[in-house]
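Values quoted throughout were computed directly from the atomic coordinates according to the rules given, and no laboratory measurement underlies them. Everything numeric in this text was worked out from a predicted model, so none of it was measured. Backbone-built Cβ (ideal geometry, glycine too); neighbour counts: all protein chains shown.
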Amino acid sequence: MRNVSEEGTQTVGGVRISRYRGTLDHTALTYRMAADVRDEVDRARKLLGDDLPVFTEVWVDPQGMVSRTRTKLNLAGAQMTMALSLSDIGTPVEVDVPASATVPVDGFSGYFLG
C-alpha cells in the first residue's frame with residue numbers, strides 16, 4: 001500500500017485490531033493476477049494515463065496477521081467494493097466460484113472492472 005495512514009483500533013471477535021488505509025499502485029493491484037485479466041487492467045491504466053484509483057483498508061491483529069481487508073474502486077461511475085475477513089488461519093476453506101464473476105464495463109471485464 002502507498003499513502004498509508006493509521007485509522008485507529010477497534011475490537012473484532014474480542015480482539016483489539018488496528019485499521020490502516022492507503023492506495024494500491026499498479027504493481028500491487030496486478031500482483032499474481034491472471035495474465036488475461038492483467039492485460040485488461042493494463043489497458044485501462046493506459047487509457048486513464050495513470051494507476052487505477054484503488055483504495056484499500058487493512059485490519060491487523062496484535063500478532064501482525066491480517067484479519068480483514070476492504071478494497072474499493074470507483075472509475076467514472078463503475079464502482080466495486082471487495083471485502084475479505086480472515087479467521088481460523090491454517091484451516092482449509094472451500095469456495096464455490098459463481099458461473100460468471102465479472103460484468104463487462106464499456107468493453108472491459110475482469111477482476112476489478114466488473
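What to note about this one:
- Put in order of Cβ neighbour count within 10 Å, fewest first, the listed residues Ile17, Ile89 become Ile89, Ile17.
- Helix 35-48 vs. the chain, principal-axis angle (Cα, 0 to 90°, nearest 10): 70
- Relative contact order of the chain, defined on C-alpha pairs under 8 angstrom at six or more residues apart (%): 20
- Residue among Ala44, Val15, Val60 farthest towards the positive dipole end of region 2-85, charges placed on Cβ: Val15
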